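Colleague: Just dropping this structure here.
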Amino acid sequence: MSMSNYEFYKREHFSKDMDIVERLVSEMSPNMRPFFINMLNSRTAFFGNITVMKRSLFREYCEWLFKILFEAEKKIDVSCYDEYQKRVWGFLAERLTMTFVDYAMAVHGATRRELPVVLRQLPPCSTNELLQIAQAKKRIAQVAQPKDDGPDDFIDIVMAVDSKYAPHAAAAIHSALVRSERPQDMRFHLLDGRALRESDSIKLEATVSQFGAELHVVDVDDKKLRWLPLNRSHISLQTYFRLLTPELLPNIAKAIYLDADIIVCADLRKLWDIPLNGNPIAGAPDEGGRSQSRRLQLPLSHRYFNAGVCVLDLHALRQFDITEEVLRAFRKYGDLITLQDQDLLNIIFSGQTTSLPLAWNANTRIFTGNSLEPDYSEEEAQESALDPKIVHFTDRIKPWNTKCPHPLQELYWLHRNETAWRETKLKTVKRQLLTLIRNRVVAKNRRLRKARTN
């Protein structure tokens with residue numbers, strides 16, 4: 001670890017509880033104190049969920065462990081803890097177990113052997129890619145001229161786009177327009193930090209105008225954002241632009257924010273009409289939501305959301321001093337903030353967020369397997385895989401990459417090939433052939449692995 005066991009416990013739990021246990025160890029078993037201090041200062045640890053030892057050691061271990069824990073129970077008040085932190089006795093017991101193992105090795109000459117840990121991964125959810133592709137093709141073929149059958153009721157959509165991501169934004173925009181019953185009601189606002197070429201802006205305008213919708217390029221002065229950290233190689237300052245949306249669009253009361261690496265599979269009017277219940281922001285649960293909440297020490301009542309698809313009450317957000325809130329968050333959480341603006345939004349609006357159905361932000365790990373700890377059930381994941389409203393390509397390998405394993409990768413190309421960034425027929429054939437070969441190889445390898453385990 002890059003931190004001591006004590007530092008890690010302080011970050012994940014309540015250090016006062018560990019301080020109480022340290023005092024109890026010092027008072028009740030001073031012979032164990034050196035080993036306890038070594039454990040606190042050590043930068044290595046092992047999982048103590050299952051520990052096997054000789055009977056004589058086990059009896060000594062239990063007598064010592066429960067004597068400390070029973071006394072600690074009298075002194076530690078857990079009444080204000082959430083359900084996760086109420087597991088404090090297990091957290092403390094793991095550290096006490098590490099202490100006892102070191103003691104047994106030093107005093108009794110015991111030896112230690114660590115066995116591998118297997119963490120359960122959520123399996124890939126099944127989806128009907130043929131049905132999804134057929135539905136997308138049908139919508140594309142049925143595109144008609146905009147209908148003038150009622151008053152305008154605009155849906156404002158915000159995206160942060162540069163020339164590198166312009167082709168992908170075009171695919172996302174096209175998918176949203178094709179799925180809408182009234183595409184002329186859609187207004188796209190592209191946040192541009194002077195990185196969107198005029199030629200690309202014109203191409204995007206052409207995609208939008210054929211549906212009677214509107215596109216506005218909004219200039220962003222990113223000077224006030226340049227102090228913010230970029231701690232991942234594939235992240236640019238552009239990711240923070242969504243924090244400026246209330247300021248950049250002063251005359252708009254509400255907006256949907258979309259990342260560019262998404263494909264819309266349902267009418268965004270349905271997302272627009274979901275009530276926010278007085279909250280300034282709405283988002284769907286993240287693929288690693290529970291672990292992210294623990295990292296940031298957020299209450300379990302808050303479902304950590306993925307910021308790639310959000311509904312924003314811009315009027316309510318203008319009541320916040322976002323700059324001040326961001327500074328406070330960095331002052332309090334510091335290097336715990338690793339997922340940029342997504343962490344910041346979850347920190348600032350913890351307890352003030354409406355949770356959207358997962359289908360409105362169906363992440364990649366729903367379809368490929370998830371080794372993280374999401375804040376949604378397997379049932380929610382399966383429902384989203386069968387009927388995704390928005391497919392979000394959250395993995396580093398995107399659908400425009402040759403080795404993309406996503407089963408709905410073809411949806412991206414169906415829509416991109418309806419824009420100015422369409423493939424040539426030769427490139428389409430080559431890509432589809434490579435995908436077919438890769439899928440067959442992957443399927444064969446899976447069968448072989450399954451056969452070996454049986």
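Bear in mind these aren't lab numbers, they're just calculated from the coordinates by the rules spelled out. No experiment lies behind these values; they were computed from the predicted model shown. Cβ coordinates were reconstructed from backbone atoms using ideal geometry, including for glycine residues, and neighbour counts include every protein chain displayed.
Colleague: For n ≥ 4 DSSP H runs only, could you compute -39500 (n - 2.57) per run for the chain, divide by its residues and tell me the 222 nm figure to the nearest 500?
Modeller: -13500 deg cm²/dmol
Colleague: I've got another one for you. In which sequence would Cys310, Cys125 go, from the one with the fewest C-beta neighbours within 10 Å to the one with the most?
Modeller: If I rank by nearby Cβ atoms, fewest first, I get Cys125, Cys310.
Colleague: Return the distance in nm (one decimal) between the two label points of a simple spin-label model at Leu130 and Lys427, each offset 7 Å from Cα along Cα→Cβ.
Modeller: Using points 7 Å along Cα→Cβ, the separation is 2.9 nm.
Colleague: Another question, then. Run the dipole for the stretch 129-422 about the Cα centre, Lys and Arg Cβ at +1, Asp and Glu Cβ at -1, nothing else charged, and hand back the magnitude in debye, nearest 20.
Modeller: Charge dipole of the stretch 129-422: 660 debye, to the nearest 20.
Colleague: For Glu27 and His216 in the same chain, what is the full-extension length gain: residue separation times 0.36 nm, less their Cα-Cα distance, in nm?
Modeller: Gain on extension, Glu27 to His216, equals 61.1 nm.
Colleague: Considering Cα pairs under 8 angstrom that are at least six residues apart, work out the relative contact order of the stretch 5-107 and quote it in whole percent.
Modeller: 40 percent.
Colleague: Among Ile235, Ile256, what is the fewest-to-most ranking by other Cβ atoms within 10 Å?
Modeller: Ile235, Ile256
Colleague: Among Thr127, Thr44, Cys62, whose Cα sits farthest toward the positive end of the charge dipole of the stretch 29-163 (+1 at Cβ of Lys/Arg, -1 at Cβ of Asp/Glu, about the Cα centre)?
Modeller: Selected residue: Cys62.
Colleague: Mind giving me the nanometre distance, one decimal, between the label points for Ser199 and Ile274, set 7 Å out from Cα along Cα→Cβ?
Modeller: The modelled label-to-label distance comes out at 3.9 nm.
Colleague: Right, next: With the dipole of the stretch 145-267 worked out from charges on the C-beta (+1 for Lys and Arg, -1 for Asp and Glu) around the Cα centre, which of His189, Thr207, Ala160 lies farthest toward the positive end?
Modeller: Toward the positive end, the furthest listed residue is Ala160.
Colleague: Starting at 0 and stepping by 5 Å, how many percent of the alpha carbon pairs of the stretch 5-107 end up in each bin?
Modeller: Per 5 Å bin, starting at 0, the Cα pair percentages come out as 2, 12, 25, 27, 20, 10, 3, 1.
Colleague: Quick one: if the Förster radius is 35 Å, what FRET efficiency do Ile397 and Asp19 give, using the C-beta to C-beta distance and rounding to 0.05?
Modeller: For Ile397 and Asp19, the calculated efficiency is 0.20.
Colleague: So if R0 is 41 Å, what FRET efficiency would Asp77 and Trp227 give, r being the distance between their Cβ atoms, rounded to the nearest 0.05?
Modeller: Rounded to the nearest 0.05, the efficiency is 0.55.
Colleague: Take every Cα pair under 8 Å in the stretch 162-249 that's 6+ residues apart, average their separations, divide by the length, and report that relative contact order as a whole percent.
Modeller: Computed value for the stretch 162-249: 30 percent relative contact order.
Colleague: Where in the chain are the helices, taken as whole DSSP H runs, whose Cα atoms extend 27 angstrom or more along the long axis and whose Kyte-Doolittle mean reaches at least 0.5?
Modeller: 88-107
Colleague: Once you compute Rg and the Kirkwood Rh from C-alpha atoms, what is the Rg to Rh ratio for the chain?
Modeller: 1.05
Colleague: From Cα pairs below 8 angstrom and at least 6 apart in sequence, can you work out the relative contact order of the chain, rounded to a whole percent?
Modeller: 17
Colleague: Can you list residues from other chains, or at least 5 along the same chain, whose modelled amide H is less than 5 Å from the amide H of Met186?
Modeller: Here the answer is Ile155, Glu214, since their amide H atoms fall under 5 Å of that of Met186.
Colleague: Search the structure for amide H atoms under 5 Å from the amide H of Ser29, placed 1.01 Å from N in the peptide plane, and list their residues when 5 or more places away or on another chain.
Modeller: Amide H neighbours of Ser29, under 5 Å, 5+ apart: none.
Colleague: Any chance you could run the full-extension gain for Val52 through Ala420? It's 0.36 nm times the residue separation minus the Cα-Cα distance, nm to one decimal.
Modeller: Contour length minus the Cα-Cα distance gives 126.1 nm.
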